[in-house]
Amino acid sequence: MSVRVRFAPSPTGYLHIGGLRTALYNFLFARHHGGRFVLRIEDTDRTRYVAGSVEDIMESLRWAGIEPDESPIHGGEFGPYVQSERTEIYRHHAQLLLERETAYYAFDTPEELERMRERQQAAGIAPHYDRSSMRNQFTLGPDETRRLLAAGEPATIRLKVPLHGEVKFDDRIRGTIVVPCKDIDDQVLLKSDGFPTYHLANVVDDHLMGITHVIRGEEWLPSTPKHILLYQAFGWEPPEFAHLPLLLNPDRSKLSKRHGDVAVRDYIAKGYFPEAIVNFIALLGWNPSGDRELYTLEELIAAFSLDRVNKAGAVFDLAKLDWMNAQYLKQRVERDLPGLIAQLRPILAQRGWNPDEEYIGRVIVLLHERVHRLPEIAEFGAYMFTLPDYDEEFFRSVWDDSVPVTLEQLKSLIEATEPFTAAALHEQLNRYSREHNIPFRQIGTLLRLAITGKRVGAGMMDTMALLGKAEVLRRIELFRAWSTRYAPGD
Ligand code: GLU
């Protein structure tokens, strides 16, 4: 039996980072076993539909390199892969269940159901559909049922859950799960408007699409006993189930917007690399053997197994993601500098900076180890593209009466430095430091303040060499002019 798995998102908003992890695990599992990975859009709940979300889901998957083998755009023999285009199939299957007497018609109005819940609440029992007291096929009898249907009375189709016994299944991650039937509600399968509920559409499609393993988030675990009963109601063999651990905020609450970004598109916009995001989320809940942290997609495919997926929730550690992204940034600087230049260029252009490509490349090389994400170079290293802003507080901490003279001397020295390279600058300034008995570090800090306005940055000699002699002299001069306004004691 060849593996077929699916990612079955509902288009209710932008793809969530947890959704991307579910998709990734399915993809890794399929590739590891030489199987197929299906993308199915579960859009039967039209009230929760958000325009643009299908496109966002597909674009995010493509960005991450998680390409489905079958999907609304890739096609495939098991389509259509959009549930709203399959309503006839679900109606037909609801009829099959009626024929098998494992489902039944119910005619209760929303008000009647509400009163039922109130009665149950008053009596202190958990709300559930009370088959024996409500208006359905069993309480009304076959003739009245036929009459109501013929009269066009709104009807739902509900699953006839056994009154006794239990549902038992093995989850690949959570082990054997047993739920007493009395705790399972007679689920609505087909609504009175003829649209299926999630449960019916999901099970019918998993069966018809030949899905062998259902790998999904833990939040779907409570639905699984209902699904098992549905498979039994159809007389079908259920697939294997694997419910992935929750993603958690650092305080161990469920991952939420309040703690940071949750949409994949936010991470894309911030300039995280797909290989970093994929590597990072792969390790959220799954531990390959060994303590390595960096894996290519190919390596993840080779190593992936459901047996090493944890039960416990996985904390989303942004600092770790940043660290990983920085590792991939280093790799890219070595392997694909032109690609990075192409990515940074429009970000700089947005700020009105249009340096040539060679210069952008040299700035990336100079600053990439100081940032986690490429776009940060435009913020952290703004002074490489525009004049610095001076910080008065920093200025006061560096300033003393000797500074104007030192600056003048440094200016002449820099002016005389030829060739204008980091090594030559280093040699000149080192000599100046010894001759004037000023610590080299102190000179560096003063120049950093004058030329970049910052307390930290890349090596000052490299920075000056890249900015060029004319620009360095211009900035020292600007700084000198600026400082006369703030120099203490003036
Ligand atoms: N449509 C469900 C979702 O939005 C699918 C759950 C499942 O994978 O069965 O996540």
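The values are calculated or read from the model by the stated rules, or taken from the named source; none is laboratory data. Just so it is clear, the structure is predicted and the values come from calculations on it, not from any experiment. In this analysis, Cβ positions are derived from the backbone assuming ideal geometry, glycine residues included, and neighbour counts consider all displayed protein chains. What goes into the accessible areas is simple: the full protein's heavy atoms, side chains included, and nothing from ligands, DNA or RNA. Shrake-Rupley method; radii C 1.70, N 1.55, O 1.52, S 1.80 Å.
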Before we move on, is SER289 open to solvent by 60 Å² or more (accessible area, probe 1.4 Å), free of Cβ contacts under 8 Å to residues at least 60 places away in the same chain, more than 21 Å from ALA64 (Cβ to Cβ) and of a type in the set (Ser, Thr, Tyr)?
yes
When the residues of the range 1-19 are narrowed to those that are of a type in the set (Gly, Ala, Ser) and buried (at least 18 other Cβ atoms within 10 Å of the Cβ), which ends up farthest from the ligand (Cβ to nearest atom)?
GLY18
Under 9 Å between Cβ atoms, at least 6 apart or on separate chains: pull out the pairs that start in the range 309-327 with a residue that is among the small types (Gly, Ala, Ser) and end on any residue that is loosely packed, with under 14 Cβ neighbours inside 10 Å.
GLY313/ARG252; GLY313/LYS254; ALA326/GLU369
Hey, any hits in the range 234-248 for a residue that's open to solvent by less than 50 Å² (accessible area, probe 1.4 Å), within 13 Å of the chain's Cα centre (by Cα) and within 16 Å of the ligand (Cβ to nearest atom)?
yes
Identify all residues within the range 337-350 that are open to solvent by 60 Å² or more (accessible area, probe 1.4 Å), under 17 Å from GLY361 (Cα atoms) and not aliphatic (A, V, I, L, M); write none if there are none.
PRO338, GLN343, ARG345, PRO346
Residue check: is ASP206 of a type in the set (Asp, Glu), within 14 Å of the ligand (Cβ to nearest atom) and more than 19 Å from ASN136 (Cα to Cα)?
yes
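Is it true that some residue in the range 224-231 is of a type in the set (Val, Ile, Thr), open to solvent by 30 Å² or more (accessible area, probe 1.4 Å) and modelled with pLDDT of 95 or more?
So in the range 224-231, the residues of a type in the set (Val, Ile, Thr) come out as 224, 228.
Checking which are open to solvent by 30 Å² or more (accessible area, probe 1.4 Å) leaves us with none.
No, there is no match, as no residue in the range 224-231 is of a type in the set (Val, Ile, Thr), open to solvent by 30 Å² or more (accessible area, probe 1.4 Å) and modelled with pLDDT of 95 or more.
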From the list ILE301, ILE277, ILE281, which residue is open to solvent by less than 60 Å² (accessible area, probe 1.4 Å), β-branched (Val, Ile, Thr) and touching a Phe, Trp or Tyr at 6+ places or on another chain (Cβ under 7 Å)?
ILE277
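Name the residue that is farthest from the ligand (Cβ to nearest atom), counting only residues in the range 181-193 that are farther than 17 Å from ASP108 by Cβ and open to solvent by less than 50 Å² (accessible area, probe 1.4 Å). Walk me through it before giving the result.
Within the range 181-193, the subset farther than 17 Å from ASP108 by Cβ is 181-184.
Narrowing further to those that are open to solvent by less than 50 Å² (accessible area, probe 1.4 Å): 181, 184.
Numbers: CYS181: 21, ILE184: 17 Å.
Within the range 181-193, the match that is farthest from the ligand (Cβ to nearest atom) is CYS181.
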So which residues in the range 351-362 are farther than 15 Å from GLY271 by Cβ, open to solvent by less than 100 Å² (accessible area, probe 1.4 Å) and outside any loop (DSSP other than H, G, I, E, B), if there are any at all?
GLU357, TYR359, GLY361
Quick check on the range 132-152. Is at least one of its residues aromatic (Phe, Trp, Tyr), open to solvent by less than 70 Å² (accessible area, probe 1.4 Å) and in contact (Cβ under 8 Å) with a residue 12 or more places away in the chain?
no
Failed condition for ARG485, given (1) part of a helix (DSSP H, G or I); (2) at pLDDT below 95; (3) surrounded by 15 or more Cβ atoms within 10 Å (Cβ to Cβ):
(3)
Here, helices (runs of 4 or more DSSP H) confined to the range 30-122 with at least 1 residues that are open to solvent by less than 80 Å² (accessible area, probe 1.4 Å), closer than 30 Å to ASN279 by Cβ and within 16 Å of the ligand (Cβ to nearest atom) are 53-64
